[in-house]
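Data first, discussion second: the structure below is written as structure tokens.
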Amino acid sequence: MNIVVKIGLSILLFACLLDMHYGYYQFVRFAALIVFALLAYQANQQSSQFEMYIYVGLALLFQPFFKITLGRELWNVVDVIVAIGLIASIFINSKKSKN
């Protein structure tokens with residue numbers, strides 16, 4: 001289930017590079033907040049404190065209530081880095097579970 005959620009959010013974040021309506025970016029913020037909060041909870045349940053802190057930080061960064069204004073260019077960079085990180089975490093976690 002985590003794999004599907006991470007890939008889905010990655011696709012949403014990559015789509016932020018396109019010229020979308022402002023409502024789309026609001027939707028991505030809400031989706032990211034929910035997904036990162038869920039991932040933080042799961043990481044906490046698995047006693048992975050480092051992962052939990054990263055997900056909590058990302059949830060705070062993307063939360064839509066008190067917006068952090070970084071400018072479109074910087075947000076594009078953040079979106080790409082986070083999307084790549086989510087995809088990389090899929091492979092890292094699959095290697096951990098094999099060992």
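So, Tyr55, is that one assigned to a helix (DSSP H, G or I), of a type outside the set (A, V, I, L, M, F, W, C) and surrounded by 16 or more Cβ atoms within 10 Å (Cβ to Cβ) or not? Criteria met by Tyr55.
Restricting to region 11-52, and then to whatever is at negative phi and not in a helix (DSSP H, G or I), can you tell me which residue is nearest to the chain's Cα centre (by Cα)?
From region 11-52, those at negative phi are 11-46, 48-52; that's our starting set.
After this cut, where a residue has to be not in a helix (DSSP H, G or I) as well, the list is 16-21, 46, 48.
Numbers: Cys16: 13, Leu17: 15, Leu18: 18, Asp19: 20, Met20: 19, His21: 20, Gln46: 19, Ser48: 17 Å.
Here the answer is Cys16.
Take the residues of region 1-10 that are under 15 Å from Phe30 (Cα atoms) and of a type in the set (A, V, I, L, M): which is farthest from the chain's Cα centre (by Cα)?
From region 1-10, those under 15 Å from Phe30 (Cα atoms) are 5-6, 8-10; that's our starting set.
Next, from what is left, pick out any that are of a type in the set (A, V, I, L, M): 5, 9.
Numbers: Val5: 10, Leu9: 6 Å.
In this case the residue turns out to be Val5.
Could you list all residues from region 28-43 that are crowded, with 18+ Cβ neighbours inside 10 Å and closer than 22 Å to Ile92 by Cβ? Listed by number, the residues that qualify are Ala32, Val35, Phe36, Leu39, Ala40, Ala43. Residue pairs whose Cβ atoms lie under 9 Å apart, separated by 6 or more positions or on different chains, with the first residue in region 1-20 and closer than 15 Å to Asn93 by Cβ and in contact (Cβ under 8 Å) with a residue 12 or more places away in the chain and the second of a type outside the set (Val, Ile, Thr) and surrounded by fewer than 12 Cβ atoms within 10 Å (Cβ to Cβ), are Ile3/Ser94. One residue alone among Gln63, Gln26, Gln45 is among the polar types (S, T, N, Q), free of Cβ contacts under 8 Å to residues at least 40 places away in the same chain and more than 19 Å from Gly8 (Cα to Cα), and that residue is Gln45. Scanning region 58-99 for residues that are surrounded by 13 or more Cβ atoms within 10 Å (Cβ to Cβ), of a type outside the set (A, V, I, L, M, F, W, C) and within 17 Å of Met20 (Cβ to Cβ) yields Pro64, Asn76, Asp79.
Here, each number is a calculation from the coordinates, and none is a lab measurement. Source: prediction; values computed, not measured. When we count neighbours, we look across all protein chains shown, and the Cβ atoms used for this are built from the backbone with ideal geometry, even at glycine.
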